[in-house]
Structures are given as C-alpha cells and as structure tokens.
1. How large is the convex hull of the C-alpha atoms of the range 125-268 per residue, in Å³?
2. With unit charges on the beta carbon (Lys/Arg positive, Asp/Glu negative), name the residue among I130, V15, W46 whose Cα is farthest towards the positive pole of the charge dipole of the chain.
3. At q = 0.22, 0.26 Å⁻¹, what is the log10 ratio I(q)/I(0) for the range 171-234, with the Debye formula run over Cα points and no solvent?
4. Taking each full run of DSSP H in the chain as one helix, which ones are at least 18 Å long along their axis (Cα atoms) and have mean Kyte-Doolittle hydropathy of at least -0.5?
5. Based on other C-beta atoms within 10 Å, arrange F222, F164 from fewest to most.
6. Tell me, what HN-Hα J-couplings in whole Hz come from the Karplus equation 6.51 cos²θ - 1.76 cosθ + 1.60 at θ = phi - 60° for each residue of the range 141-156, using x for Gly and Pro?
7. Using unit Cβ charges (K, R positive; D, E negative) and no other charged atoms, how large, in debye to the nearest 20, is the dipole of the chain about its Cα centre?
8. Which cross-chain or sequence-distant (5 or more) residues have an amide H under 5 Å from the amide H of A224, H modelled 1.01 Å from N in plane?
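Read the figures in this text as sums done on the coordinates, not as results from a lab. Treat the numbers as computed from the prediction; the structure is a model and nothing was measured. When we count neighbours, we look across all protein chains shown, and the Cβ atoms used for this are built from the backbone with ideal geometry, even at glycine.
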Amino acid sequence: MSESIGSEKLRRPIVALVLSLLTVGLGQLYSTKPMRAFLFYAASLWLFLLFACTPIMQSLTGLALWVAVVWGILVVNLSDAWRTAKKAGVVPLSPYNHWFVYALIVAVNLGVVVPLLLTVVPRPLKAYRIPTSGMQPALQVGDLIMADRHFDRAALKRGDVVVFSHPTERKDFIKRVIGLPGDTVEMRGEKILIGGRLLDDPWGVYRGVRSSGDFGPIVVPFGAYFVLGDNRNNSYDSRAWGCLPADLIKGRALYIYWARDKRRMWKPVK
C-alpha cells in the first residue's frame, strides 16, 4: 500500500467503511476530510461523556435513548464515510494518508483513549448477576440487573434494593433496605416491626423450613441500614451479620435487562 504525498489515488468506499468501524472518523480522514473526521470523533466523545456523567441512563427510557444514539452514531458515521469516499474519487494525497498513520490512530484510540475513558470517567451503571435465591421472587438466580452507581446514599428509602460489598466476605451481595438509620427493628414470626409498629411488607415471602425465629429489637446505627433478602427463610442478611455500613453500598438496583423468563426482561426492580 504505497502512497506518496501529492500523488493522486482513488478513495475506495469499502476501505473507508472498514477504517470507520475501527475508529470513528477515520474513514473521513482516509478520504482527505480531516475536519469532518475531527467533528465525528469529537461528537462521539461528547456523547459518551454526556451519558456517562449524567443520570440519563437511570431509567429504561434513558437506556433506550442511549442504545438508539450509539446505533445512530454508528450508522451515520459509516454511511458518511462511504459517501465521502465515493464522492472524493481520485484525490491528491495528504501527509496523513499512509497506512502507518491509520494504524497509529487506531492503536492510540483503542489502546489509550478508550481504556482511559473507561477507567477515569465514572460509569453511572454497572451490571450484576444474581447468584442465589435469597432475593426471590423479585430476582431469580441468573438474572442480570443494572445498578445505579451515582445514587444518593442519604436518599435511600425503605424497599430499595441495593448491591454492596459484604462486611466480612470478599464478594458482592444484593438485599432490600428494611431498616433506616435510627430505626428500631424487630421481627416476630413473619411480621416486621419498625419502632413497634407493623411494617407493610409486600416484598417478603416465607417458604420452606423456617431458618430463624424472632429477631431483635435492635437500633440501626446512623450511617448504616438493616437489609433483608425477600426469600426470608433462605437469605443470609442483617439478621446474621448485622447492619450494613452505608459506605459499603455500591449501587441501587434499577432494572432487569436479562432473564430466563423473557417476560421479566426490562422490568424495574421492585
């Protein structure tokens, strides 16, 4: 692939298409349109930062918008690269029209820019897989969920489902917030009392052999939460290891994005 500066050469749409698949805007650069290439690349970075640094994707609508934008950028970039190369035809080559320049740009983009963005820019969402039955029926074994990492810990409310690092074990757990800081929590059989009053508990189910009897009362410390699994007779939770320090909470569960039962996909975690 020998190209000398100033010489003329045909710009092939298929080459522009492949280059644009490797790096946004590179197909336009191949077609001697550096400003067009810069605008496409800058726009893709701006949109990435917009979605990464704002709470847009906290809702299913926001996620759908993000997917649409990603596919939109891909389609527009590829179609523009194809049209630009086809329209350019035979053009005088510029200093950047060499295979090693294209290779360097791709290497820097995939090897430096993309990893740096994924490392430095805080991602608002993180995916988690449900490994056990402790949160049934709301969450089934094998469900894949999205959790909001930009949530406000001070705004957590009773009934929220949270992902957290276990206080003593080196793995992530997912449970439901039942007791808030300062609450007095006790359990009598299948009833939960908060401050001596019966809690309306639409989440809990009691199946199989009862694994624990009455519990408490205990006072939830400030800066901590009392959490339970919905599958109350098969859940390793605050009844066993105490209240959950707020600083161990990694995210608030938002929605299920994959499940064996397809009817449960894209449903909010309730």
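1. Details: hull volume 15.3 nm³, N = 144.
Cα-based convex hull of the range 125-268, divided per residue, equals 106 Å³.
2. V15
3. -0.97, -1.26
4. Numbers: long enough: 34-52 (27 Å, 1.59); 60-88 (41 Å, 0.98).
Flagged H segments are 34-52, 60-88.
5. On the way: F222 9, F164 20.
The fewest-first ordering by Cβ neighbours comes to F222, F164.
6. 4, x, 4, 10, 10, 9, 10, 7, 8, 9, 5, 8, 4, 5, 9, 4
7. Values: 34 positive and 19 negative charges, 133 e Å.
So the magnitude is around 640 debye.
8. A246
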